[in-house]
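First comes the structure, then the notes that go with it.
What follows is calculated from the coordinates using simple rules that are stated; it is not laboratory data. The model shown is predicted, which means the values in this text are computed figures rather than measured ones. Glycine gets a Cβ as well: all are built from the backbone with ideal geometry, and neighbour counts include every protein chain shown.
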Amino acid sequence: MLTSINPCEQNMGIFKKTLVCSALTFCILTTGAVSASADYETQSVLQAKSIMKPELLKSKNYSVQDKVRNDGLFNHYTVESRFGTFKAGSTNDFKILLNEIGAIADMKQVETDDTAVAALKQSGQNTVTGVKNMINDPKGTLEGAASGVAGLFNRAKGTVGKREVTDAEDSRFEQIVGVSKSKGVIATKYGVSVYSRNKVLQEELDRLGQADYLGGLGVGVATSFVPGVGGLILSTSGTARLLNEAINTTPASELWLQNKNKLVAMGMDSDTVELFLNNPSFSPAQLTVLVTAMDSMKGVDNRELFLKVALQASDPAMAKIISRIVVMSAGYHEKIAPLKGFTPMARLTQGIRKDGTRVVLLPTDHMIWNKQVADAATSISNEGKGSNIELWVLGSLSKQATAEFQKLGWKVHVSVESQLLSGKN
């Protein structure tokens, strides 16, 4: 059976092991703090049936292995499907994966003209000279183009020579000739992200997108809607589906330019902005969600700290976690209490409320009380004597972790997705 496993899984594991230490610690080495308890919990194996609703564990297209490994922060799922074996490194990724498997199943029911699709691949050698020049000499082509063509490409002027194509998007050729646009429309109708790194899903999007580009597929007739928000499970409001459609159907270069303009308008340094936007670990979709969340926190001090944190992301796994923290921060600011600003906390951030309360937001699935967490929590408590500290997590804490955080004076909030991220259209 085909195995579809994220090649960044090992890096993800390393990053996850340091995430809480990074998120909760910035003075352990200098303070020599001692944890509140000498009794620590170890990593464990959970049961999927104890975490998920029964209807999510099996369908005609897939079955979820009951053993779920918890690394102390995140749950790791294995899903056997008709299309291969998939792994998900968090509960949020697991929900996205199930939606993608449903979309793959529906896509495979749509027949395309293989001859026509093959012709499109070959047509790269026979494309009009103007398109070839756009790839080889973009600046010259833009300057010498006829007025109609100039209008078509004028948005690209702000990004030529500055924007890098990530591995989550199509080649420049496919973007220019229109295949990517077809894929975006199809992805939206199936409720998935056109920038997904799911290889099997991308194969189906390529097949249908190429056929549609050639006129061999009626998008409105051939696709059936699959519930979901295209991988944007996290959202600060009920507009996730609308945001997903805008991302899927807007050229990546235009998203890049829009995001740049928003960040510069926030007062961010333009060089830092470009470094951030060109980090290949972030897909155009993740960048847009992150920037949208930042932009929603108008008046909050030191938002540029998120860019500095994002520059550290060295693989897509890190990028996901950082993006989710920003979205959670925006949700807290909008729905719980206004934030005054953000301050550094090792490699991540903490929010500061106007009353001085410090807010730590983490997209973890199930946190246990191990030595890293214990030392980190104690250090932060010692550093912030006199200030209230809140911990907000998407998932749960073990009984011991909950009790130990409370002993240190932390106010713990678990299963906060509905509080921070839900909303009405």
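What the table below lists for this structure:
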quantity: Extension reserve of the residue 406-residue 355 stretch, reckoned as 0.36 nm per residue once the Cα distance is removed; calculated: 16.3 nm
quantity: Residue 419-residue 308 pseudo-label distance in nm [points 7 Å out on the Cα-to-Cβ vector]; calculated: 2.9 nm
quantity: FRET efficiency, residue 396 to residue 298 (Cβ-Cβ, R0 35 Å, nearest 0.05); calculated: 0.60
quantity: Under-5 Å amide H pairs with residue 397, H placed in peptide plane, nonlocal only; calculated: 367
quantity: Protection proxy ranking of 90-102, 289-301 - average other beta-carbon atoms within 10 Å, highest first; calculated: 90-102, 289-301
quantity: Proxy reagent accessibility, fewest Cβ within 10 Å first, across 360, 414; calculated: 414, 360
quantity: Neighbour cut-off at most 12 other Cβ (10 Å), DSSP loop, GluC sites (Glu not before Pro), the range 336-425; calculated: none
quantity: Residues 55, 203, sorted so that the one with the fewest Cβ neighbours within 10 Å comes first; calculated: 55, 203
quantity: Simple spin-label estimate for residue 108 and residue 272 in nanometres, 7 Å along Cα-Cβ; calculated: 4.7 nm
quantity: Greater than 32 Å apart at Cα, pairs in 262/407; 67/354; 320/399; 95/411; 67/262; calculated: 262/407; 67/354; 67/262
quantity: Residues residue 261 and residue 55, FRET efficiency given R0 of 45 Å [Cβ-Cβ distance, rounded to 0.05]; calculated: 0.55
quantity: Residues 412, 79 arranged by fewest to most Cβ contacts within 10 Å; calculated: 412, 79
quantity: Length released on extending from residue 44 to residue 388, taking residue separation times 0.36 nm less the Cα-Cα span; calculated: 120.7 nm
